[in-house]
Amino acid sequence: MKCVFVIGPTATGKSQLAIELAEKHSGHIVNIDSVQFFKGLEIGSAAPLVDDLKKVPHHLFSYVAAPTEMTAGQYIRDFYQQISKLKPNTNLFIVGGTGFYIQALEKGMFNLPEISNEIKQQVLDDLGKHGPEKLYLELKNFDAESVVHLNDHYRLGRALEIKRAFNKKMSDFQSENNKDALPFPYLKIGLNFSTDDKEKMRTRVKNRIQQMIKNGLIEETKSFLDCGFDQWAPLSSVGYLETVQYLKNEITLEQLEPAITLSTMQLIKKQRNWFKRDPTILWSDIFQSDTRVVENEVEKFLK
RNA sequence: GGACAGGUGCCCGAGUGGCUAAAGGGGGCAGACUGUAAAUCUGCUGGCUUCGGUCUUCGAAGGUUCGAAUCCUUCCCUGUCCA
């Protein structure tokens, strides 16, 4: 089994490229986009269309239903379970822009046993009762090297759960052997654009958002609110968050598209930032249309 | 033509004599990140600097004052209302 990651920021045409590659090399497509996992969030996450799904086998798209949420660890389990059903020589095209999940799949997650709900609840309670300062002190006294910030309550809580449950530091896990790295040969190709083309990119994003709204983004979002899922985490992702605001009359319809375009540009920026630290990705510039070079690399790799 | 209101840094906006290169927010830039990740969090954001400073800045021009974004005069522009 060989894996080709097709990654990069949103709205760069990864899905399309992946389909072309998968058709050419008779491969399967596997999703690694943290919103396309969810059932019912297809429009706003620009999930593949029905026609595309027919062209090539797709996996791990739209398979998690509200109000279930996802974690990187769960994703990895789902991934291996899903591909275990495939023929061992299948070529996989793993498509998406969620850097954290890509890293999780590539390098594996730390082997952490489940943490009991008591401990989780206790940490939450402490945070609510005493504020973050007390927890922060507890963490710093235990692990002076910790980089968790006082205001990052989520990571602060998590670090303390681990401390209280296992009496271990986060860094202890980093140094432990990780057996869960991706056990197949893989190649990472990416679609991106140069900073000079940011405005071109914005236009592209804007058109895409307008199309999403026309295609029913508002109705899609509304159906979740109607079912009482407004606390469901995926609804605070780009596009859905703004649409929820619109549906709650916090912004007007005129403000909706600009608001989503802006957050999408911000998302793109964060994604580019994440990928910056990975020097092994083979990039193509979408405005220079030089994907052929990369396609040749894929060909060589799969040979 | 008349009456109010107002013009502040990329944008919005606070500030009515010194503690103000100017709160706060947005945007932008940089960064962190191992079970929420399209999330969460951090830093920087007038110029120059040998990092001690220094120069320019709150519509424009004058003036008052030891000292002005803040007070006075005139002018320009914007909004609302009355003719």
In whole Hz and in residue order, list the ³J(HN,Hα) couplings for the range A:247-252 that follow from phi through the Karplus curve 6.51 cos²θ - 1.76 cosθ + 1.60, θ = phi - 60°; x for Gly and Pro. 5, 9, 6, 8, 9, 8
What list of ³J(HN,Hα) couplings, whole Hz, do you get for the range A:141-151 from phi and the Karplus terms 6.51, -1.76, 1.60, once you set θ to phi - 60° and write x for glycine and proline? 5, 8, 9, 5, 7, 3, 9, 5, 8, 3, 7
Loop chymotrypsin sites (Phe, Trp or Tyr not before Pro), the range A:238-301 (other Cβ atoms within 10 Å of the site Cβ: 15 or fewer; DSSP): A:287
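Listed highest first by mean packing, meaning other Cβ atoms within 10 Å per residue, what order do A:221-227, A:60-66 come in? The partial results should precede the final answer.
Values: A:221-227: 15.9, A:60-66: 17.6.
Taking the mean over residues of other Cβ atoms within 10 Å, the ranking is A:60-66, A:221-227.
Could you work out [θ]222 nm for chain A from helices alone, using -39500 (n - 2.57) per DSSP H run of at least four and dividing by all its residues? Round to the nearest 500 deg cm²/dmol.
Values: 13 runs with 154 residues, N = 303.
Calculated mean residue ellipticity at 222 nm is -15500 deg cm²/dmol.
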When chain A is treated as a Gaussian network with springs between alpha carbons less than 10 Å apart, the largest mean-square fluctuation among A:47, A:144, A:18 is found at A:144
Sum of side-chain charges, residue A:84 neighbourhood, beta-carbon under 14 Å (Lys, Arg +1; Asp, Glu -1): +2
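Computed FRET efficiency, Cβ-Cβ of residue A:154 and residue A:181, R0 30 Å: what is it to the nearest 0.05?
Details: r = 26 Å, r/R0 = 0.85.
The pair residue A:154/residue A:181 has a calculated efficiency of 0.70.
Compute the FRET efficiency between residue A:52 and residue A:90 as 1/(1 + (r/R0)^6), taking r as their Cβ-Cβ distance and R0 = 25 Å, and round to the nearest 0.05.
Working: r = 18 Å, r/R0 = 0.74.
So, using R0 = 25 Å, E works out to roughly 0.85.
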About the Cα centre, and with charges only on the beta carbon of Lys, Arg (+1) and Asp, Glu (-1), how big is the dipole of chain A? Nearest 20 debye, please. 640
Work out from phi, with θ = phi - 60° and the Karplus expression 6.51 cos²θ - 1.76 cosθ + 1.60, the ³J(HN,Hα) of each residue of the range A:209-215, listed in order in whole Hz, and give x for Gly and Pro. 5, 4, 5, 4, 5, 4, 7
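Select from the range A:91-196 those GluC sites (Glu not before Pro) which occupy a DSSP coil region and have at most 13 other Cβ atoms within 10 Å, ordered by residue number. Present the calculation step by step, with values, prior to reporting the outcome.
Values: sites: A:106, A:114, A:118, A:133, A:138, A:145, A:161, A:176; in loops: A:114, A:145, A:176.
Passing sites in the range A:91-196 are A:114, A:145, A:176.
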Sequence-distant residues sharing a close amide H with residue A:182 (under 5 Å, placed H): A:107, A:108
Anyone know which of A:131, A:108, A:99 comes out most mobile in the 10 Å Cα GNM of chain A? A:131
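To the nearest 0.05, what FRET efficiency results for residue A:269 and residue A:23 with a Förster distance of 45 Å applied to their C-beta separation? Show your work: numbers first, answer last.
Details: r = 32 Å, r/R0 = 0.70.
The computed FRET efficiency comes out at 0.90.
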Hits among lysines - C-alpha to C-alpha of residue A:55 under 23 Å, sequence gap 8 or more where chains match: A:2, A:14, A:24, A:39, A:85, A:87, A:188, A:303
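Rule-based calculations on the coordinates, nothing more; no lab input. Just so you know, these numbers come straight off a predicted model, no measurement behind them. For neighbour counting, all protein chains shown are included, and Cβ atoms are generated from backbone atoms with ideal geometry for every residue, glycine included.
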